[in-house]
Amino acid sequence: MGAVGVVVVVALGLVAWFTPLLSVRKTDVAGATSISEEQIRQVLAVPQGQPLLRVDTEGAAQRVAAIPKVASARVQRVYPSTIRVTVTERVPVVFVDSPGGTHLLDAEAVDYEIAPPPPGVPRLVTASPGWGDPSTEAAIEVLESMPPQLRGQVGQVAAKSISDISVTLLDGRIVVWGGTEKSERKAAVTLPLLTQPGQTYDVSSPDLPTVR
């Protein structure tokens, strides 16, 4: 590259860095359903008129990801004048009753909100519910292994330990699950087993299930 080319590149860089020609004039938000776009824009803290090249997209994404309902966030520059924010919201998979209210936990066992549980979200019963608790994580793993036609019948999952998990269906019947091992096999056994009369269905040993 000749001297003239270098000068042109430097000049263009200075224009992009210091002038409003390529500055923020619009902020697009995608993926937000239960979080207001206004809240995201406030936390984003990227002022209108700031040159796009001077926007710290990583820092902005970290600020948005700190919103409790946000599982992940991505911030991108879209030339000539747009900042695009894409968020993935947390989705409740279980709820926990406590004196302070009903806590919603996502698939990572993160307790992110106190709110009424949406329809179809089962109750979790365990000694120390929350992120980092092995019993909580095991209970969620069991739920995540279930096909929709079985998971939709679950009203409660109880984990006394990682190897002592049971599920109470909406009709009151109980499925003794045991641990997380062979969960897909257990789910496959449970569905036809539930067509038999009974109150307690033990699939902890999926090759030798029992009904009583």
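A search for C-beta distances below 6 Å between a residue of the stretch 137-161 that is closer than 14 Å to residue 179 by Cβ and any residue that is of a type in the set (Asp, Glu), counting only pairs 6+ apart in sequence or on different chains, returns 145/184. Of the helices (runs of 4 or more DSSP H) contained entirely in the stretch 1-83, those carrying at least 1 residues that are under 23 Å from residue 104 (Cβ atoms) and at pLDDT 95 or above fall at 37-44, 57-65.
For residue 200, the requirement of being in contact (Cβ under 8 Å) with a residue 40 or more places away in the chain and within 15 Å of residue 212 (Cα to Cα) is not met. Looking across 117, 129, one residue alone is surrounded by 20 or more Cβ atoms within 10 Å (Cβ to Cβ) and part of a loop (DSSP other than H, G, I, E, B). It is 129.
I'd like to check something: does the stretch 95-102 contain any residue that is assigned to a loop (DSSP other than H, G, I, E, B), within 20 Å of the chain's Cα centre (by Cα), closer than 20 Å to residue 67 by Cα and without any contact (Cβ under 8 Å) to a residue 24 or more places away in the chain? No, there is no match, as no residue in the stretch 95-102 is assigned to a loop (DSSP other than H, G, I, E, B), within 20 Å of the chain's Cα centre (by Cα), closer than 20 Å to residue 67 by Cα and without any contact (Cβ under 8 Å) to a residue 24 or more places away in the chain.
The values are calculated or read from the model by the stated rules, or taken from the named source; none is laboratory data. Bear in mind that the values here come from a model prediction, so they are computed numbers and not experimental data. No Cβ is skipped: glycine too gets one built from the backbone with ideal geometry, and neighbour counts run over all protein chains shown.
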